[in-house]
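Quick notes on the structure that follows.
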Amino acid sequence: MKSNRKFTIKAVSLVVAGLVVSSVTTASTIPSSIAKFSPDTPDHVLKAKRSSWRDPAFGDMGWTHSSDWGRFAVKRGQTVTIKAISSVVGLHPGITVWYRGKDDTAPNNYVVDHFYPQNANTVEFGAKDETTGAPIGNIVMKVVAFGYDQDNNNKNPKAMNGITDGVPGQVELTFKAPSTGHYMFVVGGFNPDDSVDPALKHDINTNVSVVNP
């Protein structure tokens with residue numbers, strides 16, 4: 001536990017300094033599920049725990065396996081909107097989107113570690129599978145957009161992009177794709193109401209829509 005805490009502190013300082021996290025371990029991991037979104041399948045029910053997107057008990061980082069993940073491919077200049085609606089109003093959803101381009105040589109189902117920064121690149125050169133130790137390439141996930149449900153949410157951390165639409169438990173994140181290729185995003189909870197069960201993963205109805213320029 002001591003080594004995890006040291007890594008967390010270093011990661012947080014890197015986020016503040018340059019919005020980049022470079023892992024100093026070889027704990028590259030595969031999320032339990034990564035839903036594929038497309039024009040034919042724009043909707044999925046993702047499942048996440050109540051503090052999975054930003055947890056003060058873990059240095060305000062997100063939890064990889066307590067959150068849920070999605071992926072999609074778009075062309076440069078297309079406008080993407082991700083809408084997440086929690087089945088539990090008191091779970092304020094947060095979303096982070098990363099681009100995985102030519103510098104990202106690892107399989108797209110791997111992420112850097114068991115936690116992630118919500119507003120930063122996440123990078124590991126010479127990544128290895130945490131179970132087998134086999135080299136998998138470089139993980140280079142460049143942050144594109146992020147934000148969380150600010151409605152009835154009494155926390156508003158700097159540089160986290162609180163979004164209000166008048167509907168607690170819902171967040172809608174829109175951005176223009178900077179590059180053609182594969183994108184990966186995470187959905188989780190932030191600053192939940194006390195009534196939200198901490199032991200369960202809660203349904204978050206998620207839609208990805210794409211509009212041409």
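The values are calculated or read from the model by the stated rules, or taken from the named source; none is laboratory data. This one's a predicted model, so the numbers in the text were calculated from it and none came from an experiment. Here Cβ is always computed from backbone atoms with ideal geometry, including for glycine, and neighbour counts include all displayed protein chains. In case anyone asks, the SASA skips ligands and DNA or RNA and just uses the protein heavy atoms, side chains included. Shrake-Rupley method; radii C 1.70, N 1.55, O 1.52, S 1.80 Å.
Which residue, of Asp194, Asp203, is more than 17 Å from the chain's Cα centre (by Cα) and at pLDDT 95 or above?
Asp194 is the lone residue from the list that is more than 17 Å from the chain's Cα centre (by Cα) and at pLDDT 95 or above.
Within segment 180-199, track down each residue that is touching a strand residue (DSSP E or B) at 6+ places or on another chain (Cβ under 8 Å) and farther than 16 Å from Lys155 by Cα.
Thr180, Gly181, His182, Tyr183, Met184, Phe185, Val186, Val187, Val196
Can you name every residue in segment 136-162 that is without any contact (Cβ under 8 Å) to a residue 60 or more places away in the chain, surrounded by fewer than 21 Cβ atoms within 10 Å (Cβ to Cβ) and at negative phi?
Within segment 136-162, Asn138, Lys142, Val144, Gln150, Asp151, Asn154, Lys155, Asn156, Lys158, Gly162 meet the criteria.
Any chance segment 44-54 includes a residue that's modelled with pLDDT of 95 or more, open to solvent by 20 Å² or more (accessible area, probe 1.4 Å) and more than 15 Å from the chain's Cα centre (by Cα)?
Yes, segment 44-54 contains a residue that is modelled with pLDDT of 95 or more, open to solvent by 20 Å² or more (accessible area, probe 1.4 Å) and more than 15 Å from the chain's Cα centre (by Cα).
For segment 123-132, enumerate the residues that are under 15 Å from His65 (Cβ atoms) and either buried (at least 23 other Cβ atoms within 10 Å of the Cβ) or touching a residue at least 12 places away in the same chain (Cβ under 8 Å) (or both).
Glu130
Applying the selection to segment 56-81, what residues are charged (D, E, K, R) and open to solvent by 30 Å² or more (accessible area, probe 1.4 Å)?
Across segment 56-81, the qualifying residues are Asp60, Arg71, Lys75, Arg76.
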